[in-house]
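Some notes on the structure that comes next.
Coordinate-derived values only; no laboratory data. Please read these numbers as outputs of a predicted model, since none were measured by experiment. So basically every Cβ, Gly included, is an ideal-geometry build from the backbone, and we count neighbours across all protein chains shown.
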Amino acid sequence: MSRQVSPAEVRELLAALPRWFPAAARWSVKLANHGPGWMPQVLRGVPLRLACWLGSVYARRLA
């Protein structure tokens, strides 16, 4: 079962992410939503899923 996360814990996790992570996440969302027309939708979401996975890896390291 998941537990409640306090705002202080969220701020701590966000502060611990690498400096490049927010830009990578923004880019991956932009690609997923407005990627090139020739690229299948399934492939457009790969960078976004990768960014989410990287965030979860960093969160697990801090836990």
Query raised in the report: Among the residues of region 8-31, which ones are of a type outside the set (S, T, Y) and either touching a Gly at 6+ places or on another chain (Cβ under 8 Å) or farther than 17 Å from Y58 by Cα (or both)?
Result: L17, F21, A25, R26, W27, V29, K30, L31
Report summary line: Checked A59, A23 against criteria (in a helix (DSSP H, G or I), without any contact (Cβ under 8 Å) to a residue 60 or more places away in the chain and surrounded by 14 or more Cβ atoms within 10 Å (Cβ to Cβ)); the one match is A59
Requested in this report: Return only the number of the condition from (1) free of Cβ contacts under 8 Å to residues at least 40 places away in the same chain; (2) assigned to a loop (DSSP other than H, G, I, E, B); (3) under 15 Å from the mean Cα position of the chain (by Cα) that P18 does not satisfy.
Outcome: (1)
Requested in this report: Give the residue, chosen from A8, A16, that is aliphatic (A, V, I, L, M), surrounded by 11 or more Cβ atoms within 10 Å (Cβ to Cβ) and at negative phi.
Outcome: A16
Query - Positions within region 26-56 being within 14 Å of the chain's Cα centre (by Cα) and either surrounded by fewer than 11 Cβ atoms within 10 Å (Cβ to Cβ) or part of a loop (DSSP other than H, G, I, E, B) (or both), in sequence order - result: G45, W53, S56
